[in-house]
Structure formats: structure tokens, C-alpha cells
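FYI, it's all coordinate maths here, none of it is from the lab. In this text the structure is predicted, and so the values were computed from the model without any measurement. We place every Cβ from the backbone using ideal geometry, glycine too, and count neighbours over all the protein chains shown.
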């Protein structure tokens, strides 16, 4: 009976993942490996960026027109924020579908999302990346790593650490069923600062982590160390988010750009 | 905490209200 419960939990979390996220690894890999009839439009310089903005981004971000006279770095930063807000919204819906999450203390739900969404976001972002670039605009565009590196500082420092993480993370060859449990484990984490009912969350976390361990053993029988490797990735993601939050604070201080209110809430008093 | 995270709180309580991009 216990095994049946664990399988049910794994299935519920995987179904919530497929239902709530617009992009997933299977979709992204199909596009990145050229197995679609519509290959993504490649953004690799200022000219192709402008072309993409006139077509792909205009569809995605209605307010992009207000930024048309701003420099490319600011426009790209705005697009990153829009994608982040959308993913945070998806992650919130996903979290609510994880069994037990919605019955947690509401303050604790807020805390778990505040600290978990960026770690989850960067873990999932790896699915849309290869060594050369990143899928954008729902997979209709591909922005090259070199172009992102060529932007002026501090904007050029934004994505390169995510690519470096993604290359190592993608080497683990997780699929969406693994990622669904990994993302749930990131969110249901008992050691976030300020949690009220830690024991309640730890019970949830233990069952998700146990299911993740069993799932990895079944899904990757040749990689017996995959589970401890993934636990290490949790620590790497925390570091990645800390550095990202510092960079965003620097951009906010030194650049004339606005930060979306939802992202402001998340970054405020974070670390 | 809920007061400092009004949008997150709203997202948690009401899935139908969109977040202005």
C-alpha cells in the first residue's frame, strides 16, 4: 500500500507539472534538436533582436511598445522579467496542486514560494538551454549565449552563470517526470527562513524526496548516484539565486529600469 | 508576511486573477 501511495504522489505531481507549465523539457528538446517544422527565429545581434521584437515579443508582451526607445539591454531585461512573472504564476498553480501544499499555513505557503520560485525557475530554465543559447517566446525564438554575453555590464553577467549551471544540470539527463518531483522538492523545503510550521512542511518534504529517490532509481537504473547528485544541485541552485538576487539589486540601484511588483516582493528581504 | 507579499498572496488565493505584465 505504501508503494501505491508513493506512485500516486509521483503521478499527481507529474500531472500537475504537465498541466501548469507552458514549456517543458520534452517540448524544448524537440525544438532544440530541430525536430519541428517551424524552427525558432535566432536572435544573435541587435538587428535580429529588433526583428524578433517586432514579431515574437510583441505578441508575448503587450507593453513592450513603451520600451521601444530604450536600449537593448533594458528591453531584454524587461522581457526576462515578463517571463519570470509568468513562470512564478505557473509555479504558484503547480505548488497548489502538490498534495498537502494548500492546507499549509498561508504565511508558510508565501514563504515557500518566495524562496523556492527562483530556484525552481533556474532548474527548469536549463530545459530550454543548450550550450549555444536559450529558447524564448514560448519556443518561437532562440537567443544566443554569445549575444547575451556581448551586452554591456551588468546585463552581460545575468545569463552566463545560468548557462554554466544548465550545462552541468542537463548532463544528468533528467526527464520531465524527474523534473516535476525535483521542482516539488525545491518548493516544499523545510529550512526556508521564517517558516511557522516547520514540522508540517518537513513531513511533506520527506514524502516528496523519498518518492523522488525511488523514481530516480526506477527511471535511471544505470545512474545509482543520481539522487545524491541532485541533492547537491539543490545547494548549487541556492547559490545561483543568491548571486542573481545580488545582481538584480545592483541593476535596480545603478540602472534606470523598473522591477515588476511581484518580483520586488520576492527579492525584498530575501537573503 | 502576507501584507508584504500581496501579489503572491493573491495568486495563492485566486488562480483566476491575472498578473499584469
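Structure data summary
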read-out	value
Whole-Å distance, taken between Cα centres, linking the stretch A:1-46 and the stretch A:143-190	15
Kirkwood hydrodynamic radius of the stretch A:24-128, from inverse mean 1/r over distinct Cα pairs, in Å	16.2
For the protein assembly as shown, share of DSSP beta bridges that run antiparallel, in % to the nearest 5	65
Segment residue A:167-residue A:242, length gained on full extension (0.36 nm per residue, minus Cα span)	25.1 nm
Residue with peak Gaussian network fluctuation, chain A [Cα springs, cutoff 10 Å], from A:159, A:46, A:204	A:46
For the protein assembly as shown, convex hull volume per residue from C-alpha positions, Å³	132
Cut-off 13 Å, label 7 Å out along Cα→Cβ of residue A:12, residues of the stretch A:189-223 by amide N	A:204-205, A:207-208
Quotient of Cα Rg and 2.2 N^0.38 Å for the stretch A:66-212, N being how many residues it contains	1.17
Chain A: angle of helix A:198-219 to the longest principal axis, Cα-based, in degrees nearest 10	80
Length added when fully stretched, residue A:86-residue A:66, from 0.36 nm per residue minus Cα-Cα	5.3 nm
Estimated inter-spin distance, residue A:45 and residue A:4, nm [label 7 Å along Cα→Cβ]	6.4
